[in-house]
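Worksheet: one structure, shown below.
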Amino acid sequence: MPFRGSYVLFEFMKPPKKWKFALMVWMAIYPAITLLSFLIGNEIKDLPLALRTLIMTGILVPLMVYVLLPLLRKILGNWLNT
């Protein structure tokens, strides 16, 4: 069973409390949206709303999943798990 070690690892990991996870997501998404709006807001302001949203989420979702949330999870690890 090649995934036995991974299975055992996840068996002992408790997910953080929902309010802590929600706060962590907010700590990442608010500044990211604010900064992205500041950086590209003027360039995309005349585009249709659906296209602006597509562009913003196309940048923000990968940024959140691959950079910001893992970074915050590492920084807040002990607090998240208490």
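Values in this text are rule-based calculations from the coordinates and carry no lab data. Please read these numbers as outputs of a predicted model, since none were measured by experiment. We place every Cβ from the backbone using ideal geometry, glycine too, and count neighbours over all the protein chains shown.
Structure notes:
- Segment residue 63-residue 49, length gained on full extension (0.36 nm per residue, minus Cα span): 2.9 nm
- Size of electric dipole in region 18-82: Cβ of Lys, Arg +1 and of Asp, Glu -1, about Cα centre, debye, nearest 20: 320
- J(HN,Hα) series, region 42-54, from Karplus relation 6.51 cos²θ - 1.76 cosθ + 1.60, nearest Hz, glycine and proline x: 5, 6, 10, 5, 8, 6, x, 3, 4, 6, 4, 5, 4
- A cut-off under 12 angstrom between Cβ atoms defines the neighbours of residue 20, and their net charge, with Lys, Arg +1 and Asp, Glu -1, is +4.
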